[in-house]
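Novice: Here it is, the structure, as structure tokens.
The values are calculated or read from the model by the stated rules, or taken from the named source; none is laboratory data. Since the model is a prediction, treat every value here as computed from it, not as a measurement. When we count neighbours, we look across all protein chains shown, and the Cβ atoms used for this are built from the backbone with ideal geometry, even at glycine.
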Amino acid sequence: MSPILARHEGIAATESASVAPSFRDLFEANLALVWKVLRRLGVHERDLEDEAHEVFVIVHRRLRDYDAARPFRTWLLGICHRRAADYRRLSRHANESFVEAPEAKASERTIEEHYAEREQWARLHACLERLDDAKRTVLVLHDLEGLSLEEVAEIVGAPLQTVYSRVRSARQLLAALLGLEGGAP
């Protein structure tokens, strides 16, 4: 089996074990993830399509240089991290806020539950926006996307102990901003 195929969680194994997934397969399997991560890392809704496109342009350009010994998802999220950081550095994006739509299907909830969940997401994201970029990034990648701290350290290019410290600090700040008693959510 191709190392890329073996490492890539979003692509099911094909009949031919030696065939790597096509770029189109990688794109289709990862677009939702890229979109969600870019959004959580501070890319405004109106710019998500363009920024996701840029991520996949980079993936396409660098795919042949991809080290199959590394997890594909970590490599992809590293590209998302750098793209979102570049986006946030632009002065025109400095003071924008956003609200992420909940992922559950609306038909599964009452209207009250739907609006309550939207309000919770809005509150969470308003608080995330108040964190500095370094803390926000490690918190999103570790706590919301489920990456290990080792993977986060690799993505952000920081020592593991620094990542531990940033996550702990980000959780404390987020808890304080959300007005939670007793620490992190």
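Novice: Within the range 33-62, count every residue that is under 25 Å from Ala122 (Cα atoms) and part of a helix (DSSP H, G or I).
Specialist: 16
Okay, residues lined up against (1) surrounded by 16 or more Cβ atoms within 10 Å (Cβ to Cβ); (2) among the hydroxyl-bearing types (Ser, Thr, Tyr); (3) at pLDDT 90 or above:
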{"position": "Ala94", "(1), (2), (3)": "no, no, no"}
{"position": "Ala104", "(1), (2), (3)": "no, no, no"}
{"position": "Ser107", "(1), (2), (3)": "no, yes, no"}
{"position": "Ala116", "(1), (2), (3)": "no, no, no"}
{"position": "Leu141", "(1), (2), (3)": "yes, no, yes"}
{"position": "Glu145", "(1), (2), (3)": "yes, no, no"}
{"position": "Glu151", "(1), (2), (3)": "yes, no, yes"}
{"position": "Gln172", "(1), (2), (3)": "no, no, yes"}
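Novice: Would you be able to tell me the number of residues in the range 1-33 that are modelled with pLDDT of 90 or more and in contact with a Leu (Cβ under 7 Å, 6 or more places away or on another chain)?
Specialist: So the answer is 1.
Novice: Return yes or no: is Asp50 modelled with pLDDT of 90 or more, out of contact with any helix residue (DSSP H, G or I) (no Cβ under 9 Å at 6 or more places or on another chain) and surrounded by fewer than 16 Cβ atoms within 10 Å (Cβ to Cβ)? Walk me through it before giving the result.
Specialist: Numbers: modelled with pLDDT of 90 or more: yes; out of contact with any helix residue (DSSP H, G or I) (no Cβ under 9 Å at 6 or more places or on another chain): yes; surrounded by fewer than 16 Cβ atoms within 10 Å (Cβ to Cβ): yes.
So Asp50 fits the description; yes.
Novice: Does Val43 satisfy the criteria of being crowded, with 16+ Cβ neighbours inside 10 Å and modelled with pLDDT of 90 or more? First the steps, then the outcome.
Specialist: Working: crowded, with 16+ Cβ neighbours inside 10 Å: yes; modelled with pLDDT of 90 or more: no.
No; evaluated as a whole, the condition is false for this residue.
Novice: Got at least one residue in the range 71-81 being at pLDDT 85 or above, in contact with an Asp or Glu (Cβ under 9 Å, 6 or more places away or on another chain) and small (Gly, Ala, Ser)?
Specialist: Scanning the range 71-81 turns up at least one residue that is at pLDDT 85 or above, in contact with an Asp or Glu (Cβ under 9 Å, 6 or more places away or on another chain) and small (Gly, Ala, Ser).
Novice: Of everything in the range 129-185, what is among the basic types (Lys, Arg) and assigned to a loop (DSSP other than H, G, I, E, B)? Give them in sequence order. Steps first, please.
Specialist: Just the residues of the range 129-185 that are among the basic types (Lys, Arg), to begin with: 130, 135-136, 166, 168, 171.
Once the filter is applied, which keeps residues that are among the basic types (Lys, Arg) and assigned to a loop (DSSP other than H, G, I, E, B), the range 129-185 yields only Arg130.
Novice: To continue, here is another question. Quick one: count up the residues across the range 70-91 that are outside any helix (DSSP H, G or I) and either buried (at least 18 other Cβ atoms within 10 Å of the Cβ) or in contact with a helix residue (DSSP H, G or I) (Cβ under 7 Å, 6 or more places away or on another chain) (or both). Break it down into steps so the answer makes sense when it comes.
Specialist: Just the residues of the range 70-91 that are outside any helix (DSSP H, G or I), to begin with: 70-71, 90.
When the remaining residues are screened for being either buried (at least 18 other Cβ atoms within 10 Å of the Cβ) or in contact with a helix residue (DSSP H, G or I) (Cβ under 7 Å, 6 or more places away or on another chain) (or both), the result is 71.
Residues in the range 70-91 being outside any helix (DSSP H, G or I) and either buried (at least 18 other Cβ atoms within 10 Å of the Cβ) or in contact with a helix residue (DSSP H, G or I) (Cβ under 7 Å, 6 or more places away or on another chain) (or both): 1 in total.
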